[in-house]
Amino acid sequence: MKYIELNEIDSTNAYLSERLLSGEITEPTTVFTHSQNKGKGMGQNIWVSDNDKNALFSIALFTEIKTEEIFKVSLATSMAIYEFLKLKGITTKIKWPNDIYYDGKKLGGILIENKLDGNVVKSSVIGVGLNLNQEKFPKWLPNPISLKNITGQDYDAKEFITGISEMVEKKLNEIKDVPFVDLRLDYLLNLYCFGKIMMWKIQGIKDEISGSIVDVKPSGKIVVQAVSGQLCECDIKEIKLIDDF
């Protein structure tokens, strides 16, 4: 793994994506920064962080995964972060599809941008924001938390960046050729709200429904079973957890 350290950047994801496109990056590479002023989140969201407080980085990997199992990239990343934090004594949950939660609060987020060639994911840029040492957050952020909020300790961002980057690369290589059906259980067991009855708003269904997450598909779609027994298979834009911040 090659590492690039930058003092300040608009977006680590954009930095890597541009250099992948130009052919400048030809090996697994992580870029990290002390300050990011246009960090990307899901959709139109942004990632907010104080300077020199958190782990802000993106990983470029040459993925070579079939598009029908594209969610393996997300699964490998979130499980690698979960396992790394567990080694540090912090037990988290994965909030589908790409957030890291601790006690119902957001500790980290992941943004994945895949480059496809036919039916193969050729490369992935995996952006990670992990709250380490920031103690106060903007009031408009609904539910943030940091490791320092949890433990009172300070953490070395570079240790987290290198450790997580290496674990993500290793995990993805390990699961690349493993059938998705053999991977899903570990992911589901560490999923926020898995098996719990929650309230959901689902596109195409007029009323909110009570139901629980029961499965995840290789495409990344989540399967929620309503208390009535109805199964709803949804993409990220088609479902909203109501019992959430």
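Below is a table of values for the structure above.
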quantity	calculated
Dipole moment magnitude, nearest 20 debye, region 95-189 about Cα centre, only Lys, Arg, Asp, Glu C-beta charged	380
Read-out volume of the Cα convex hull per residue in Å³, derived from the coordinates shown; its label in (1) 128; (2) 148; (3) 165	(1)
Relative contact order, percent, the chain [alpha-carbon distance under 8 Å, six or more residues apart]	17
Span-like helix ranges in the chain, DSSP H, alpha carbon extent 20 angstrom or more, Kyte mean at least 0.5	71-87
Rounded if a/c under 1.5, otherwise prolate or oblate - region 1-140, Cα gyration tensor axes	oblate
Simple label model, 7 Å out from Cα along Cβ direction - residue 166 to residue 10, nm	3.3
Contour minus Cα-Cα distance for residue 185 and residue 26 (0.36 nm per residue)	53.9 nm
In region 1-40, the GluC sites (Glu not before Pro) that fall in loop regions by DSSP, at most 11 other Cβ within 10 Å	8, 24
Candidates 200, 96, 140, ranked by Gaussian network fluctuation over the chain, Cα under 10 Å, top entry	140
Max mean-square fluctuation residue, GNM over the chain, Cα-Cα springs under 10 Å, options 225, 153, 36	153
Positive-end extreme of charge dipole, the chain - chosen from 56, 128, 109 (charges on Cβ)	109
Whole-number percent relative contact order across region 66-115, with pairs defined as alpha carbons under 8 Å at least 6 apart	25
Magnitude of the charge dipole, the chain, Cβ model with Lys/Arg +1 and Asp/Glu -1, debye to 20	500
Chain lengthening between residue 210 and residue 83 when straightened (0.36 nm per residue, less Cα-Cα)	42.6 nm
Antiparallel content of DSSP bridges confined to the chain, in %, to 5	85
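Every read-out reported here was derived from the displayed coordinates using simple, explicitly stated rules and does not represent laboratory data. Note that the coordinates shown come from a computational prediction; the quantities given were computed from them, not determined experimentally. Neighbour counts run over all protein chains shown; Cβ positions are idealised from the backbone, glycine included.
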